[in-house]
Structure formats: C-alpha cells, structure tokens
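The structure appears below as structure tokens.
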Amino acid sequence: MLLPAGQAIITRAAGPERLGRAMSILGVPMLLGPVFGPVIGGLLVEYASWHWIFLVNVPVGALALTLAVWKLPSGGALPEFGRLDLRGLVLLSGSLVCLLYGLSRASSHGGFSEWNVLGWLIGGAAGLALYTWHSLNKGTGSIIDVRLLTNRLFASGTVAVFLVAIGMFGGMLLLPLYYQTVRGEGALNAGLLLAPQGLGAIVAIVIGGRLTDRIGAGYVVPVGVVLALLAPCRSPKWESTLPTSGSAQPCSFAAWVSEQ
C-alpha cells in the first residue's frame, strides 16, 4: 500500500507534464535499498546477530511514521467511492499470503504434490477468484479495479512490470547465494559486491525518467529491455564454477541451487 500511495502523492504534486521525472525521483529512494541494504545486512550478520535484520526495521518504521504524520498533507474529506475497501483488502492480501506461503513450502516439502502445499495454493487461488468477483461488483470502489486490465495499454504495462520485477528481484535473490555459496564470500563482501547494481539502477532511472518526458516511453522501454538483456557478461570466475556459459549461466546456477 505504501508504494501506490507514494506514487499518487508525487503524481498529484508534479502534474502530468512532469510525470516521468517524478517517477524517477520516487524510484531513487527505492533503489537505495539494493545499495545499502545488503551492506548493512552483511554488517549486522557478521558483527551483531541475524535477529537485527528484522529489529532494524523498528526504528526505521518509527522514523517513517513520524515524518508521514509531520509532512504529508491530510488530503481533506474523501468522496464516497474513495473509502478504503476493507473486504477487498482482506481478500487480496490474504490470498497473496496463502500463495506465497505455499510456494515457499514447496521447496522444503518435496514439490507441489503434498497437500500441505497444495492446500495453501488452492486457498490462495480461491481467494483471488473471490476478490475478482468482489472487484467486478464493486467497480471503482474496490482497492484494485480488475476492469483496468481490459485496457490493452494498462494490461501490457502491467505484464511488462511483472516480468521486469521477476528479472530484477530474481537476480537479487540468486546473486547473494552465488557469491556466498559458490565463491565463498562473507555476508559483508557479498553486500559490497551487490552495491554497484543498485548504483547503476539509480543512474539509469534518472536518465530514463527525463527521456520519457521528452520522447515518450514507447522509445525508452524497448531500449532499456535490450540493454538489460545484454547486461549478463561472461566472467572467468563464473565460468570456472558453473558447467555452462553465456545466457544459460543464470539458469544453470538456479538449477544448481535447487539441487543443494
């Protein structure tokens, strides 16, 4: 809920003519996480305790809450359809929790054939189906109006963001495992090795936001996708530890991790 709320506030303040630049500015703090998060996490794991990975969120959350109460505008009275859709929130969040929990249990319980895995997945799918029915009936008052997916531009953009998130967050999951399991790096060194990835993303999102305002997203996005596909380069250290090369290396490492 924090991400769309932040995007809505910045979009309203910036106006449609500066939307691309506003979104790039909003993306910079989010991309600072991949830069400082692994480094701070590595420091906490090596010199404190793994419990602090979770405890550190308490003061950060308290500071964010204080700044939100202090700085964010109240927004005035909400129209009738702007009230929070509590039923939809419970259905959507509950179904996603069931799906994610079922997927996480699949890796430690022998796949998807066990009922203690299938039960969570079926429950999550049923929850999503109920939410879809609820959203179709409630319309614009639902927390996420599924009818927006009938818009071809919105649907294609949603699919593109979904695929980009798979590549980006999938890499964030596998790369620390690669550095620590295959190359034998410590938690702190693995975090430092991941920091350039976030720094490059910060530079790219600022440039991409300005270019989007000037020439439109239709030219910027394909170029960005091509550059992202060309990003995985050959590494002698990588090739010496994995049995394949080229574009198959990430898949090879993912398969290697699943077998351990």
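The values are calculated or read from the model by the stated rules, or taken from the named source; none is laboratory data. All values reported here derive from a predicted model rather than from experimental measurement. Here the Cβ is made from the backbone with ideal geometry for all residues, glycine too, and neighbour counts use every protein chain on show.
Inside the range 7-118, counting only helices (runs of 4 or more DSSP H) that do not spill past its ends, which hold 3 or more residues that are at pLDDT below 75 and over 22 Å from Gly170 (Cα atoms)?
19-47
Quick one: how many residues across the range 200-220 are closer than 20 Å to Leu153 by Cα and touching a helix residue (DSSP H, G or I) at 6+ places or on another chain (Cβ under 7 Å)?
Number satisfying all stated conditions: 6.
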